[in-house]
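Single-structure report; data block below.
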């Protein structure tokens with residue numbers, strides 16, 4: 001915890017050292033009329049936006065340890081992330097066979113052609129995982145693979161340390177069949193050291209051809225879900241106190257081309273029936289984290305989905321004009337809505353029930369497309385109207401979100417996106433203050449202060465917190481807001497977009513300063529915006545004040561993005577303030593200071609007590625985000 005010298009003491013110190021005295025900055029005044037609420041705060045204000053970027057799902061949240069499990073990553077050198085690893089005199093080749101696969105969705109496989117091997121000297125292939133494989137002591141890993149063998153025989157599956165070659169866990173599969181068959185297994189480690197320097201080894205002790213597909217290995221997952229998510233990342237997401245998840249993403253929804261969109265029907269059911277698809281960030285998505293897994297993600301965090309449906313436009317300009325050609329895509333979106341919300345007696349609700357989730361998921365918002373202002377053919381007006389008509393006819397209570405302002409059809413909500421530097425956000429803070437309240441509500445579906453790499457620094461957190469004071473003050477207009485991107489793999493080659501919220505590698509994860517600003521603002525948010533006036537402050541000092549009458553709580557947020565401390569005389573009228581209060585402070589020495597994978601807690605919120613009354617003076621340190629939690633009863 002850092003300490004800051006009071007301004008008067010700093011001035012005396014400067015004089016005693018023969019230095020020029022520091023200028024006395026007049027105190028600002030914050031007047032809070034606690035008994036005069038202005039309007040309600042949206043109960044869904046803060047949430048999360050997600051998409052497959054920066055290896056957010058594969059190699060990130062989705063806990064699969066095997067990289068390129070379906071052999072879709074191939075080049076002239078061979079099959080990516082799979083390497084021959086023969087023992088002794090064993091000889092083999094490993095190639096992709098596009099004619100032999102276990103399912104229609106996975107028509108190809110890797111064929112291991114063993115020309116020399118025995119029990120003492122097996123042929124083998126290894127997978128290096130997503131920048132390594134994390135192995136922990138006394139831990140059970142669950143796996144499966146599809147295989148067929150022309151000569152029968154056996155196969156051994158092992159977790160092996162890269163450096164020592166020591167086997168952390170191993171198991172033999174049942175006799176291999178000449179027909180495609182799925183084999184499941186578990187690997188239980190003993191008292192091995194924790195490490196990410198490990199690989200998965202598949203060993204064959206007999207000659208002949210063995211075909212492999214969908215090789216999978218999972219560690220323990222969040223809430224022990226099969227095909228689930230990393231616990232540490234899910235815990236960080238829970239720590240943001242979100243109310244919703246915007247899914248399945250922005251660009252990821254659209255794809256570069258129409259046939260590379262998020263085709264939700266290809267992402268449900270058994271993994272062997274998911275063909276995978278190319279993401280717009282130039283790598284293949286396994287689609288292991290499919291539509292149902294997204295919905296279960298929201299269920300695990302007790303939040304709601306905000307579902308985005310593909311609306312006939314893709315990133316590189318491919319689009320479908322409104323009319324008969326668009327009808328199949330509208331129908332597909334209606335099927336998707338039924339899959340999410342329909343009872344088990346409906347066609348797609350029954351499909352969901354068959355997949356193990358008979359209960360419908362709650363849904364109040366559906367977004368039509370993503371960033372359609374980039375559609376230079378100007379087809380969104382017609383496309384949105386066609387979707388809007390169909391959705392409202394069957395689901396009149398659903399709030400339909402447009403991705404750009406419209407001239408003809410009036411949406412319930414319009415999605416605004418902002419990616420800016422901190423100084424630009426400071427100048428944007430009054431955009432919504434005087435906006436008419438007679439039109440659509442606002443969803444700030446993607447936004448971030450883009451400073452810092454791979455995750456944001458303190459300067460970005462200050463820009464974010466300043467912007468959030470505006471979101472809160474206008475909580476009657478802005479119904480939702482979600483930062484983006486949410487996740488980034490910090491390994492070399494793992495990032496496509498810098499300034500992200502949460503960073504991780506195979507072993508650990510951390511929140512950026514912006515993450516902690518988000519978490520503080522979401523946790524300490526009242527149900528009403530309170531009348532409050534800040535005057536005489538630096539133009540880099542910002543505030544929002546909300547209250548929660550049911551809890552008898554008043555939340556005062558102060559952001560000082562200046563390098564000078566700011567004294568504030570706080571007056572709280574219309575309320576009796578108890579003397580005890582809690583102060584949360586997030587601050588650092590410079591705007592460039594940040595958290596990293598090796599120093600994850602350098603900038604975190606610090607909790608202290610605060611003595612307050614109806615009138616008190618408080619000094620906000622430079623480069624800081626503060627939240628006062630006051631017990632107050634009007």
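The values are calculated or read from the model by the stated rules, or taken from the named source; none is laboratory data. Quantities reported herein were computed from a predicted structural model and do not represent experimental measurements. When we count neighbours, we look across all protein chains shown, and the Cβ atoms used for this are built from the backbone with ideal geometry, even at glycine.
Per-residue answers, yes or no, for (1) touching a residue at least 40 places away in the same chain (Cβ under 8 Å); (2) closer than 23 Å to residue 270 by Cα; (3) over 32 Å from the mean Cα position of the chain (by Cα):
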{"site": "146", "(1), (2), (3)": "yes, yes, no"}
{"site": "161", "(1), (2), (3)": "no, no, no"}
{"site": "187", "(1), (2), (3)": "yes, yes, no"}
{"site": "192", "(1), (2), (3)": "yes, no, no"}
Problem set entry | Where residue 356 falls short, out of the listed (1) within 23 Å of the chain's Cα centre (by Cα); (2) on the phi > 0 side of the Ramachandran plot | (1)
Exercise. Which of the residues that make up the range 445-460 are surrounded by fewer than 22 Cβ atoms within 10 Å (Cβ to Cβ) and over 20 Å from residue 495 (Cα atoms)?
Worked result: none
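Run down 177, 158 and say which single residue is in contact with a strand residue (DSSP E or B) (Cβ under 8 Å, 6 or more places away or on another chain) and either farther than 30 Å from residue 283 by Cβ or assigned by TED's automatic domain parsing to the domain that holds residue 494 (or both).
Details: 158 fails: either farther than 30 Å from residue 283 by Cβ or assigned by TED's automatic domain parsing to the domain that holds residue 494 (or both).
On inspection, the qualifying residue turns out to be 177.
Going by the conditions given, is residue 487 in contact with a strand residue (DSSP E or B) (Cβ under 6 Å, 6 or more places away or on another chain), at pLDDT 95 or above and closer than 30 Å to residue 34 by Cα? Lay out the reasoning, then the answer.
Details: in contact with a strand residue (DSSP E or B) (Cβ under 6 Å, 6 or more places away or on another chain): yes; at pLDDT 95 or above: yes; closer than 30 Å to residue 34 by Cα: no.
Taking the combined requirement at face value, the residue does not satisfy it.
Please verify whether residue 324 is part of a loop (DSSP other than H, G, I, E, B) and closer than 30 Å to residue 185 by Cβ, treating the condition exactly as stated. Spell out how you get there, then give the answer.
Numbers: part of a loop (DSSP other than H, G, I, E, B): yes; closer than 30 Å to residue 185 by Cβ: no.
When the stated conditions are applied, residue 324 does not pass them.
Going through 271, 291 one at a time, which residue ends up being out of contact with any helix residue (DSSP H, G or I) (no Cβ under 6 Å at 6 or more places or on another chain), buried (at least 20 other Cβ atoms within 10 Å of the Cβ) and farther than 13 Å from residue 251 by Cα?
Numbers: 291 fails: out of contact with any helix residue (DSSP H, G or I) (no Cβ under 6 Å at 6 or more places or on another chain).
The match here is 271.
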Exercise. Which condition number does residue 425 fail, the rest of (1) under 25 Å from the mean Cα position of the chain (by Cα); (2) assigned to a helix (DSSP H, G or I); (3) in contact (Cβ under 8 Å) with a residue 60 or more places away in the chain being met?
Worked result: (3)
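Is it the case, given these coordinates, that residue 362 is assigned to a loop (DSSP other than H, G, I, E, B), in contact (Cβ under 8 Å) with a residue 12 or more places away in the chain, within 23 Å of the chain's Cα centre (by Cα) and exposed (fewer than 15 other Cβ atoms within 10 Å of the Cβ)?
Values: assigned to a loop (DSSP other than H, G, I, E, B): yes; in contact (Cβ under 8 Å) with a residue 12 or more places away in the chain: yes; within 23 Å of the chain's Cα centre (by Cα): yes; exposed (fewer than 15 other Cβ atoms within 10 Å of the Cβ): yes.
So residue 362 passes the test.
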Problem set entry | Hits in the range 536-567 - residues which are on the phi < 0 side of the Ramachandran plot, surrounded by fewer than 24 Cβ atoms within 10 Å (Cβ to Cβ) and assigned to a loop (DSSP other than H, G, I, E, B) | 537, 538, 539, 540, 549, 550, 551, 562, 563, 564, 565
For this session: Filter the range 601-634 for residues that are in contact (Cβ under 8 Å) with a residue 24 or more places away in the chain and outside any strand (DSSP E or B) and give the result.
Result: 601, 603, 604, 605, 612, 613, 614, 621, 622, 623, 634
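Listed here are the residues, each with its yes/no results for (1) modelled with pLDDT of 95 or more; (2) under 24 Å from residue 38 (Cα atoms); (3) within 34 Å of the chain's Cα centre (by Cα).
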site: 541; (1), (2), (3): yes, yes, yes
site: 544; (1), (2), (3): yes, yes, yes
site: 552; (1), (2), (3): no, yes, yes
site: 566; (1), (2), (3): yes, no, no
site: 573; (1), (2), (3): no, yes, no
site: 579; (1), (2), (3): no, no, no
site: 586; (1), (2), (3): yes, no, yes
site: 589; (1), (2), (3): yes, no, yes
site: 592; (1), (2), (3): yes, no, yes
Exercise. If we only count strands (runs of 3 or more DSSP E) wholly inside the range 118-208, which ones have 1 or more residues that are at pLDDT 95 or above and exposed (fewer than 14 other Cβ atoms within 10 Å of the Cβ)?
Worked result: 140-149, 167-172, 181-188
Problem set entry | Condition met for residue 525 (in a loop (DSSP other than H, G, I, E, B) and either buried (at least 23 other Cβ atoms within 10 Å of the Cβ) or under 14 Å from the mean Cα position of the chain (by Cα) (or both)) | yes
